[in-house]
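The values are calculated or read from the model by the stated rules, or taken from the named source; none is laboratory data. Model, not experiment: these values are computed from the prediction. With ideal geometry, Cβ positions are generated from the backbone for all residues, glycine too; neighbour counts draw on all protein chains shown. Please note that ligands, DNA and RNA were not included when accessible areas were found on the heavy atoms of the full protein model with its side chains. Shrake-Rupley method; radii C 1.70, N 1.55, O 1.52, S 1.80 Å.
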Amino acid sequence: MLSNTRQTAANNETAILIYLHRFGWLKTRQIAALVWPESAEGGGYSMAQRTLRRLKLAHKVIPKLAPDGATIYAIGQGGAKFLRDFAGLEDAKTTRDCMRCLTAYDHRALANDIAIDWIAKGKIAWTEHEIQTGRAPLKVLRGKIPDVLLDWTEKTIAADGEVVLAWGEIENTWKSNKEMDRMLEFFCATLGAVDGQGLPRQFREPIDVTTSLGYGLIVIHTQAELERIIRKLSAKKAAEPYTYAWESVANGLFIQGNTGNIFPVSRWLD
């Protein structure tokens, strides 16, 4: 039988491997935020380093130097076998392929941060890796793939057992006008669908019998990006006043900036 200290260390190692299974790869600070949320910036970071060192020596994780100089970690063959044998994750496998091409590194890192922040608050989130590997409630809608999915059930009146999702889009780089228009068209069509009489068709987009999509979240990196989004939505509303239920769009679409604060588009859209 393991001592309390060794059992805690073993539990932390297992937690890290499970999170890597969910995220594909993570930075040391992100692992600290997930496993030691109360002290992620202090002792938690040191604990994460020591625990990752043990996992590396046991060939359970694979490190790699990221473009920003941070060390990121993925599951090695040993870690995948451990999760299959002892954590009940029969689909666990090495995630080293997630680190082969890091051209979208900044985008994935920010998407991971959004999910981590949600999880650290005790809420449910589905990561970009889970979405892309088919382990989330939703993978594709209207030809688009979300960057992150968040459980926003508490923000609405839902039936017993119903889960209401928010679709997250990470805008860490400047989008072309075509790409931006396509994203905003998606949110308008999804959140503001109307019937033949121009009335809101339904408040939420059904995903399955227990899950629906009711919100959108755009994570931006500059004030200019916010102004651009509002300018485009205002122009679209003026040009197509009856195409969408604009009140539903304004109240269902949210913006998150660098400060982490989240506001509905209705704050800016008349």
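Data for the structure
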| item | result |
| --- | --- |
| Residue match in the stretch 215-223 (condition: part of a helix (DSSP H, G or I) and either surrounded by fewer than 17 Cβ atoms within 10 Å (Cβ to Cβ) or touching a residue at least 12 places away in the same chain (Cβ under 8 Å) (or both)) | yes |
| Verdict on I31 being open to solvent by 40 Å² or more (accessible area, probe 1.4 Å), closer than 17 Å to L83 by Cβ and not polar (S, T, N, Q) | no |
| So D97, is it open to solvent by 40 Å² or more (accessible area, probe 1.4 Å), of a type in the set (D, E) and farther than 19 Å from T133 by Cα | no |
| Tally of residues being farther than 23 Å from D68 by Cα and either in contact (Cβ under 8 Å) with a residue 60 or more places away in the chain or among the β-branched types (V, I, T) (or both) across the stretch 95-127 | 3 |
| Any chance G198 is at pLDDT below 90, open to solvent by less than 60 Å² (accessible area, probe 1.4 Å) and among the small types (G, A, S) | yes |
| Test: residue in the stretch 112-122 that is buried (at least 16 other Cβ atoms within 10 Å of the Cβ), touching a Pro at 6+ places or on another chain (Cβ under 8 Å) and either over 26 Å from A224 (Cα atoms) or not acidic (D, E) (or both) | no |
| Which numbered condition A48 misses (of (1) in contact (Cβ under 8 Å) with a residue 40 or more places away in the chain; (2) open to solvent by less than 20 Å² (accessible area, probe 1.4 Å); (3) under 23 Å from the mean Cα position of the chain (by Cα)) | (1) |
| Cross-chain or 6+ apart pairs with Cβ under 7 Å, the stretch 128-142 first and closer than 21 Å to A109 by Cα, then of a type in the set (D, E) and assigned to a helix (DSSP H, G or I) | A136/E130 |
| Residue ID - farthest from the chain's Cα centre (by Cα), chosen from residues in the stretch 201-214 that are of a type in the set (D, E, K, R) and modelled with pLDDT under 80 | R201 |
